[in-house]
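**Student:** This is the structure I have questions about; it appears just below.
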Amino acid sequence: MDPSLWSFFPEDLIDRVLAWLPLPSFFRLRIVCKTWNNLMHCKNFMDLKSSQTPSRSQDSWIVIFADRGYRVMSAFIPSENKWHSIPLSFLPFDISDVTVAGGLLVFRLHETNGASSVCVCNPLTSSWRKLPPMLGGWRDGLIGLVVDRQSRAYKIIVRSNLAPIYSDGIVLRTEVYDSRTDQWMRTEGLDDGITTGHAFCNGVLYFMTWETRSGVYGVYAYHVERGSWSKVHVPIPDFMTCPHVVECRGRLLMVGGFGRRPHFVTEGICVWELQDGSRDWVVVQNMPARLFRELLNNSSLLSFNCVGHGDMIYLSNRKSPRLLVIFNCVQSSWGRLDTYISHDLHPMYSWFSYYPRLDAAI
């Protein structure tokens, strides 16, 4: 390209051309020059990008975190069958409890004084901020993020400790941060339990939990607008492993391994659906034995990741996402997809469905 010609090209026309690029191109575009890097923080350019006709560049992604320190976010774009690395080196160190929804990322920041702060971030624009202090103390194991795609407002749901007056014990409460008011508010609490995942479906956050008192899996539902909890009956097979709750087009599904005692060997993977009227779980379909063996990778102990993503459910072995087993919820069909990811992952990586937006406000 002749610099003497292109140096006189109007900047507004350059912006219009750049606004049509797919979002993954912006990761490379930002290192070309300072001007292009600053486009991520230019309101006029953001408005221009948002006004473009939706295209494949605005497809939703599946994201995972490659290391324990959350310094890199790996994004898989199903329409391209490609992985892209999104650097998170701009974030502070000592963070945990990361969750993703809409175009935002929320995490817990461990402060030097021992306290915790809740922070929100847009990974594409490298922008983040601390939220106002919670009303109580942080309680590990429960955090949810709900984003309204139209208004871009969001709510963050966290479990907290409150020390009651004239008592040596603690009271568990749920705190909700509302971006519209920039404030936290308290709602009713939830009995202690270890959260293993959550899904947002029709105004309700569903949490898969391991109940420490009874030693069984359970599902708790949190109605976001009412701020109330309820328990959902879970059909427990004779032996169940690695259950997940996922949302697909307004349907709440549960995916888990099943088997028989006393050997505790996983024999297959099943998909259940929660029926709205009866509130019962019904079997949708079992994974074909051939795909199950490929996913299990000849191991008797099954641990897999699972995420609901549009019409699909994506499953991968906990050790590697190089093989994806896919369940089409509309067609009730199974498939497989081989992918290539260049770096190793820590064994506790989690999957999230992510809708990238340059204009996602924090």
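**Student:** Which cross-chain or sequence-distant (5 or more) residues have an amide H under 5 Å from the amide H of residue 127, H modelled 1.01 Å from N in plane?
**Tutor:** Here 122 satisfy the definition.
**Student:** Run the quick spin-label model on residue 297 and residue 148: label points 7 Å from Cα toward the beta carbon, then report their separation in nm to one decimal.
**Tutor:** Once both label points are built, they end up 4.3 nm from each other.
**Student:** Work out, step by step, the length gained on full extension between residue 71 and residue 178: first 0.36 nm times the residue separation, then minus their alpha carbon distance; give nm to one decimal. Intermediate values should be presented prior to the final figure.
**Tutor:** Values: separation 107, 0.36 × 107 = 38.52 nm, distance 2.70 nm.
Extra length from residue 71 to residue 178 when fully extended: 35.8 nm.
**Student:** Convert each backbone phi in region 91-97 into a coupling constant with the Karplus relation 6.51 cos²θ - 1.76 cosθ + 1.60 (shift: θ = phi - 60°), then list the ³J(HN,Hα) values in order as whole Hz, x for Gly and Pro.
**Tutor:** 7, x, 7, 6, 10, 7, 6
**Student:** I would also like to ask the following. Output the pairs from 34/155; 155/231; 34/319; 49/231; 49/82; 49/319 with a Cα-Cα distance over 31 Å in this structure; if there are none, say none.
**Tutor:** Numbers: 34/155 34 Å; 155/231 21 Å; 34/319 38 Å; 49/231 43 Å; 49/82 23 Å; 49/319 37 Å.
Pairs exceeding 31 Å: 34/155; 34/319; 49/231; 49/319.
**Student:** Still on this structure: Accessible area of residue 80, 1.4 Å probe, to the nearest 10 Å²?
**Tutor:** Counting only protein heavy atoms, the figure is 70 Å².
**Student:** Can you work out the FRET efficiency for the pair residue 331 and residue 20, with r the C-beta to C-beta distance and R0 = 22 Å, to the nearest 0.05?
**Tutor:** FRET efficiency, residue 331 to residue 20: 0.10.
**Student:** Between residue 210 and residue 311, what is the label-to-label distance in nm when each label sits 7 Å out along the Cα-to-Cβ direction?
**Tutor:** Placing both labels 7 Å along Cα→Cβ, they lie 3.6 nm apart.
**Student:** Accessible area of residue 210, 1.4 Å probe, to the nearest 10 Å²?
**Tutor:** About 90 Å², rounded to the nearest 10.
The values are calculated or read from the model by the stated rules, or taken from the named source; none is laboratory data. Here the structure is a predicted model, which means the values were calculated and not measured. Note that each Cβ is placed from the backbone with ideal geometry, even for glycine, and that neighbours are counted across all protein chains shown. These accessible areas exclude ligands, DNA and RNA; they are computed on the full protein's heavy atoms, side chains included. Shrake-Rupley method; radii C 1.70, N 1.55, O 1.52, S 1.80 Å.
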